[in-house]
1. Give the residues of the range 55-64 that are under 21 Å from residue 38 (Cβ atoms) and at pLDDT below 95, sorted by residue number.
2. I need a count of the residues in the range 87-107 that are modelled with pLDDT of 95 or more and open to solvent by 10 Å² or more (accessible area, probe 1.4 Å).
3. Please work out which one of (1) surrounded by fewer than 22 Cβ atoms within 10 Å (Cβ to Cβ); (2) outside any helix (DSSP H, G or I); (3) of a type outside the set (S, T, N, Q) is the condition residue 59 fails and give its number.
4. Sort through 66, 40, 50, 73 and tell me the only one that's open to solvent by 40 Å² or more (accessible area, probe 1.4 Å) and in a helix (DSSP H, G or I).
5. With respect to the numbered conditions (1) modelled with pLDDT of 85 or more; (2) of a type outside the set (S, T, N, Q); (3) touching a Phe, Trp or Tyr at 6+ places or on another chain (Cβ under 7 Å), which one is the sole condition not fulfilled by residue 82?
6. List pairs: first residue in the range 140-169 and under 19 Å from residue 21 (Cβ atoms), second residue in a loop (DSSP other than H, G, I, E, B) and among the aliphatic types (A, V, I, L, M) anywhere in the structure, Cβ distance under 6 angstrom, at least six positions apart or on different chains.
7. If the Cβ limit is 9 Å and pairs must be 6+ apart or interchain, which residue in the range 63-77 that is under 24 Å from residue 20 (Cα atoms) pairs with which residue that is aromatic (Phe, Trp, Tyr) and at pLDDT 90 or above?
8. Would you check if there is a residue in the range 35-43 being over 24 Å from residue 165 (Cβ atoms) and aromatic (Phe, Trp, Tyr)?
Amino acid sequence: TRTVNQVLDIAELEAFVVDGSSQADLQAVCADAVAFMAPLAVDSDKTIALTGVETPVWVHGHAEALFRAVRNLVENAIRHTPAGGTIEVEVAADGAVRVMDDGPGVPLAERETIFRRFWRRDRARPESRGLGLAIVTRVAAAHGGSISVDDRPGGGAVFTLRLQPSPLA
């Protein structure tokens, strides 16, 4: 079911265009995504936290599509964080979301390829089909934003989704 839903998400996003006047509260989107993914994190013996700005952060965007992107980043972080580890979703006032994990990080040689459809480091793992980060990439592009990955100080990865700030209408 998860794979079918991701394939449908990718297909839908191919033609997805964000209306020029659309705005979304990024802080609320991230709060919803963290709440949605918290049971999975807890079931996996991991901690998840929402940090950063606690007031609305208005960005140019479509809330449902942004939720999909953040959810996929969090799901990816949960998958790669060992038991007992932490996933942090940080919302910044400038329209950036950082999803940080305690996992193995992403080798420099893979930092471009991980965002391609169907790319997987370990093809033996059936729980991943390599679509989550491709969905994030497409959502970011549709919003005039970007996605990147860096090392987290102390170990792990930091995925940064940057979006265009938008004045509240």
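1. 63, 64
2. Residues in the range 87-107 being modelled with pLDDT of 95 or more and open to solvent by 10 Å² or more (accessible area, probe 1.4 Å): 7 in total.
3. So residue 59 meets the others, but not (1).
4. Numbers: 66 fails: open to solvent by 40 Å² or more (accessible area, probe 1.4 Å); 50 fails: in a helix (DSSP H, G or I); 73 fails: open to solvent by 40 Å² or more (accessible area, probe 1.4 Å).
Criteria check complete, one pass: 40.
5. Just one mismatch for residue 82, condition (3).
6. Between residues of the range 140-169 that are under 19 Å from residue 21 (Cβ atoms) and residues that are in a loop (DSSP other than H, G, I, E, B) and among the aliphatic types (A, V, I, L, M), the close pairs are 142/18; 143/18; 143/163; 145/163.
7. Here the result reads 67/36; 71/36, each pair linking the range 63-77 to a residue that is aromatic (Phe, Trp, Tyr) and at pLDDT 90 or above.
8. yes
The values are calculated or read from the model by the stated rules, or taken from the named source; none is laboratory data. Here the structure is a predicted model, which means the values were calculated and not measured. Methodologically, a virtual Cβ is constructed for each residue, glycine included, from the backbone with ideal geometry; neighbour enumeration extends over all protein chains shown. The accessibility values were calculated without ligands, DNA or RNA, using every heavy atom of the protein model including side chains. Shrake-Rupley method; radii C 1.70, N 1.55, O 1.52, S 1.80 Å.
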